[in-house]
Amino acid sequence: MDDVRDLLLKVLRKIDPTIIEDTVDIKFIQNFKDRYDVFGQFKNAKGIYEFAVSFDNKGNIKREHVNMIVPHKVRDDIERKVYDKGD
């Protein structure tokens, strides 16, 4: 599993070099003969992203989809409004 995570981090760094590696959260992994399909989330300085990538055993990207879920500014604003009760 660690080797898949290492390959995934290598692939994600190719897509977005600003990712925060500690925030990579793998939700789903599927292994075929010669490739991995991985779905999950990560953060960078701008916000939270979800990803779906396919890559081979050498880390070559076969298919990639990366979408921003929410910018940090919007999330912080929502959390402040929801959780700060204005004591």
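The values are calculated or read from the model by the stated rules, or taken from the named source; none is laboratory data. Because the structure is a prediction, the values reported are computed rather than measured. Here the Cβ positions follow ideal geometry from the backbone for every residue, glycine too, while neighbour counts run over all protein chains shown.
Considering region 6-42, and only residues there that are charged (D, E, K, R) and in contact with a Ser or Thr (Cβ under 8 Å, 6 or more places away or on another chain), the residue that is nearest to ALA52 (Cα to Cα) turns out to be ASP37. Could you count how many residues in region 40-59 are in contact with a strand residue (DSSP E or B) (Cβ under 9 Å, 6 or more places away or on another chain), exposed (fewer than 14 other Cβ atoms within 10 Å of the Cβ) and not charged (D, E, K, R)? Total meeting the criteria: 1.
Counting only residues that are closer than 26 Å to ASP76 by Cβ and not aliphatic (A, V, I, L, M), region 14-54 holds 19 of them. Residues considered: VAL70, VAL66. Of these, the only one that is assigned to a strand (DSSP E or B) and without any contact (Cβ under 8 Å) to a residue 24 or more places away in the chain is VAL70. Against the conditions (1) at pLDDT 95 or above; (2) over 14 Å from the mean Cα position of the chain (by Cα), LYS27 satisfies every one except (2).
Could you please find all residues in region 2-30 being without any contact (Cβ under 8 Å) to a residue 12 or more places away in the chain and loosely packed, with under 13 Cβ neighbours inside 10 Å? Walk me through how you get there before you give the answer.
Step one: filter region 2-30 for residues without any contact (Cβ under 8 Å) to a residue 12 or more places away in the chain, giving 2-3, 6, 13, 17, 22, 30.
Answer for region 2-30, where residues must be without any contact (Cβ under 8 Å) to a residue 12 or more places away in the chain and loosely packed, with under 13 Cβ neighbours inside 10 Å: ASP2, ASP3, ASP6, PRO17, ASP22, GLN30.
Against the numbered list (1) of a type in the set (Asp, Glu); (2) at pLDDT 95 or above; (3) not in a strand (DSSP E or B), ASP76 comes up short only at (2).
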